[in-house]
1. Given the criteria buried (at least 18 other Cβ atoms within 10 Å of the Cβ), under 19 Å from VAL19 (Cβ atoms) and among the β-branched types (Val, Ile, Thr), does ILE149 qualify?
2. So, in the range 1-50, exactly how many residues are among the small types (Gly, Ala, Ser), farther than 14 Å from MET138 by Cβ and not in a helix (DSSP H, G or I)?
3. Being in contact with a Lys or Arg (Cβ under 7 Å, 6 or more places away or on another chain), more than 16 Å from GLY106 (Cβ to Cβ) and modelled with pLDDT of 95 or more is the filter here, so list the residues in the range 124-175 that pass it.
4. Restricting to the range 94-123, and then to whatever is among the hydroxyl-bearing types (Ser, Thr, Tyr) and under 26 Å from LEU185 (Cα atoms), can you tell me which residue is modelled with the highest pLDDT?
Amino acid sequence: MRDFDKTRSWHRQQLGETVKKALEKRGFTAYYFDTAEEAKNKVLELIPSGASIGVGGSVTLREMGLVEELKARGYEVHDHWIPGITPEEDWEIRRRQLTCDVFLTGCNAITMDGRLLNTDFTGNRVAAMIFGPRRIIMVAGINKIVKDIQTGLERIKNVATPLNSHRRNWGKACAKAGYCIECNLEDKSCRVTTIIEMCPKGSPDFYVILVGQELGY
């Protein structure tokens with residue numbers, strides 16, 4: 001019997017290495033790892049001692065256990081997913097993420113030619129990717145790789161946004177339907193969309209870490 005998992009692993013590696021090279025051509029520092037554990041170790045290696053860390057709204061980072069690990073190591077972590085905080089506290093944490101030393105984030109979609117697509121509800125996450133933090137570290141599972149911008153936007157509308165809306169227990173729009181219904185409701189998640197074509201000028205410390213596993217939404 002053939003080793004089917006080995007074939008799948010080969011395919012993931014091919015995709016990962018192709019996108020890694022494309023990202024490098026666009027000015028990013030990129031890595032590919034087969035497992036989330038290897039990727040996690042690389043992220044920890046890239047964070048300087050004593051750095052303040054902002055954490056975007058990322059399921060990927062939480063699945064990897066990165067946020068808990070950083071807090072356990074004593075880092076100053078600006079995490080707005082803390083239960084029980086007030087709206088004012090939530091807003092202040094998001095503001096601090098814009099001026100931290102290191103900003104950690106996931107990604108909604110990465111094209112085969114190395115462009116980064118992301119959609120936000122408030123815009124703090126995409127803002128921090130573009131300007132402010134001294135170092136950006138983005139982690140993305142193999143499921144985030146798409147053919148092109150149009151496919152990426154469709155993925156955001158019909159996969160990432162419905163799942164994130166459902167995670168927030170929002171009962172309207174795509175959170176209920178499971179796909180985009182092109183709503184204009186108060187709890188609409190997809191409010192701010194960015195496409196990063198190249199590493200932003202003046203931000204040489206932009207790392208993209210690809211993982212050969214499905215992570216996040």
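The values are calculated or read from the model by the stated rules, or taken from the named source; none is laboratory data. No experiment lies behind these values; they were computed from the predicted model shown. Using ideal geometry, Cβ is built from the backbone for each residue, glycine included, and neighbour counts are taken over all protein chains shown.
1. Answer is no for this residue.
2. Counting residues in the range 1-50 that are among the small types (Gly, Ala, Ser), farther than 14 Å from MET138 by Cβ and not in a helix (DSSP H, G or I) gives 2.
3. Across the range 124-175, the qualifying residue is only ILE149.
4. First, the residues of the range 94-123 that are among the hydroxyl-bearing types (Ser, Thr, Tyr): 99, 105, 111, 119, 122.
Still in the list and also under 26 Å from LEU185 (Cα atoms): 119, 122.
Details: THR119: 95, THR122: 91.
Top of the filtered list is THR119.
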